[in-house]
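Read the structure below first, then the notes.
The values are calculated or read from the model by the stated rules, or taken from the named source; none is laboratory data. Bear in mind the structure is a predicted one, so any value in this text is a computation, not a measurement. All Cβ positions, even for glycine, are placed from backbone atoms using ideal geometry, and neighbour counts span all protein chains on display.
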Amino acid sequence: MNRTSTTTLLVTLAALAAGCAAQPTAPAPDAQLLHDAEQLVLRDCMAKAGFEYRITPPPSVPDQREFLYVVDDVEWARKHGYGSDIQRRLDAFRADDPNQRYLRSLPADRRTAAVAAANGTKPVGLTAKAPDGLTVSRSDQGCRTEVFRELYGDPQTWFQTSTTVNALKAMRVERVNADPAYVAALVPWSSCVHSAGYDAKNPTELRAGQPGQLAFADEQRMAVAEADCAVHTGLAATAKALDARYETELSHDYQAALDTQHRLQQAALPHARDLLRQDNPDS
């Protein structure tokens, strides 16, 4: 089976601001340095192709969090519900992104050409096998691939490595959700939220089972029930323990890919530092 990398026109350049790298195995300062260098390469490559790309910091909102299994912070839930207030602020940041505005301002033919400059004209040339056995492909041309080439050497090696490493989080979540201990922990949690007025076998069902858009006060109330029950029934603790266990197991199973990513990142650091110095010689 073949799964092709595709990108919609109006989100392409904004999405690039998130970076071209895999999930970082480098320490945070090194990961930030590599991200900044990737953005410089991308900007300069797009300029050579006749297009504008502005380097902007990724959108960030205070209290932004990710709950992989269940909301387990009662105070956060009381303040943010499921985070729809945070999501609205992120959406506003993205809508005001200068690269989004620039792309929208282009005539249709130039917009298509800008996307091709970023991603290549066809998603062929680089292939990688994901851990689930599917084949992923992307262009070996375009500025995103130029980032791979400029910083990490062989684009094919980097693409395969990043495809593997980027899949590990979803694999971890899938294993936790299927683990008998997690499934068993859902039973008392479900009874707990039922006592609070909600019928759901799991957190996903709880959120999906609500008709339409909840008023924010109702969202907060439901999220607090989810979080309070997660803490008091032990579901949160079970999920945390299983998540750590499967992270360790997957890191062991895919140590070669993680080692390769780390090696390529470390090798890229001197060139990344040079690029940043050249771009800002007075710093």
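Run down Y246, Y254 and say which single residue is farther than 19 Å from T163 by Cβ, at pLDDT 95 or above and surrounded by 13 or more Cβ atoms within 10 Å (Cβ to Cβ). Working first, answer last.
Details: Y254 fails: farther than 19 Å from T163 by Cβ.
Criteria check complete, one pass: Y246.
Y182 - would you say it is over 16 Å from A257 (Cβ atoms), aromatic (F, W, Y), touching a Phe, Trp or Tyr at 6+ places or on another chain (Cβ under 9 Å) and modelled with pLDDT of 95 or more? Give the steps one after another, and end with the answer.
Working: over 16 Å from A257 (Cβ atoms): yes; aromatic (F, W, Y): yes; touching a Phe, Trp or Tyr at 6+ places or on another chain (Cβ under 9 Å): yes; modelled with pLDDT of 95 or more: yes.
For Y182, the condition - over 16 Å from A257 (Cβ atoms), aromatic (F, W, Y), touching a Phe, Trp or Tyr at 6+ places or on another chain (Cβ under 9 Å) and modelled with pLDDT of 95 or more - is met.
Please determine, by comparing only the residues of segment 122-166 that are of a type in the set (G, A, S) and on the phi < 0 side of the Ramachandran plot, which one is nearest to the chain's Cα centre (by Cα).
Of segment 122-166, the ones of a type in the set (G, A, S) are 125, 128, 130, 133, 137, 139, 142, 153, 162.
Next, from what is left, pick out any that are on the phi < 0 side of the Ramachandran plot: 128, 130, 137, 139, 162.
Values: A128: 19, A130: 16, S137: 19, S139: 21, S162: 12 Å.
Among residues in segment 122-166 that are of a type in the set (G, A, S) and on the phi < 0 side of the Ramachandran plot, the one nearest to the chain's Cα centre (by Cα) is S162.
Just to verify a result, which residue in segment 1-57, among those that are in contact with a strand residue (DSSP E or B) (Cβ under 8 Å, 6 or more places away or on another chain) and part of a loop (DSSP other than H, G, I, E, B), is modelled with the lowest pLDDT? Spell out how you get there, then give the answer.
Taking segment 1-57 first, the residues in contact with a strand residue (DSSP E or B) (Cβ under 8 Å, 6 or more places away or on another chain) are 1-5.
Of the ones still in play, those that are also part of a loop (DSSP other than H, G, I, E, B) are 1, 5.
Details: M1: 41, S5: 35.
Within segment 1-57, the match that is modelled with the lowest pLDDT is S5.
Name the single residue, out of those in segment 101-121 being under 23 Å from the mean Cα position of the chain (by Cα) and surrounded by fewer than 19 Cβ atoms within 10 Å (Cβ to Cβ), that is modelled with the highest pLDDT.
A116
So, in segment 131-159, of the ones that are in contact with a helix residue (DSSP H, G or I) (Cβ under 8 Å, 6 or more places away or on another chain), in contact (Cβ under 8 Å) with a residue 60 or more places away in the chain and in a loop (DSSP other than H, G, I, E, B), which residue ends up farthest from R175 (Cα to Cα)?
G153
Under 8 Å between Cβ atoms, at least 6 apart or on separate chains: pull out the pairs that start in segment 163-180 with a residue that is closer than 14 Å to A241 by Cα and end on any residue that is small (G, A, S) and in a helix (DSSP H, G or I).
Close Cβ pairs satisfying both conditions: V176/A239.
Considering only segment 192-210, state which residues are exposed (fewer than 12 other Cβ atoms within 10 Å of the Cβ) and over 28 Å from the mean Cα position of the chain (by Cα).
Hits for segment 192-210 are S195, G197, D199.
Please work out if L168 is of a type in the set (A, V, I, L, M), surrounded by 16 or more Cβ atoms within 10 Å (Cβ to Cβ) and in a helix (DSSP H, G or I).
On the way: of a type in the set (A, V, I, L, M): yes; surrounded by 16 or more Cβ atoms within 10 Å (Cβ to Cβ): yes; in a helix (DSSP H, G or I): yes.
Against the criterion (of a type in the set (A, V, I, L, M), surrounded by 16 or more Cβ atoms within 10 Å (Cβ to Cβ) and in a helix (DSSP H, G or I)), L168 qualifies.
In segment 59-100, what residues are small (G, A, S) and free of Cβ contacts under 8 Å to residues at least 60 places away in the same chain? Outline the logic, then answer.
Residues of segment 59-100 small (G, A, S): 60, 77, 81, 83-84, 92, 95.
Result: S60, G83, A92, A95.
Return the residue satisfying two criteria in turn: it lies in segment 73-100 and is surrounded by 13 or more Cβ atoms within 10 Å (Cβ to Cβ) and among the acidic types (D, E), and of such residues it is modelled with the highest pLDDT. Steps first, answer last, please.
The initial filter retains those residues of segment 73-100 that are surrounded by 13 or more Cβ atoms within 10 Å (Cβ to Cβ), namely 73-74, 76-87, 89-90, 93-94, 97-100.
The next check asks that each one be among the acidic types (D, E); those that pass are 73, 85, 97.
On the way: D73: 98, D85: 94, D97: 91.
Checking each candidate, the answer is D73.
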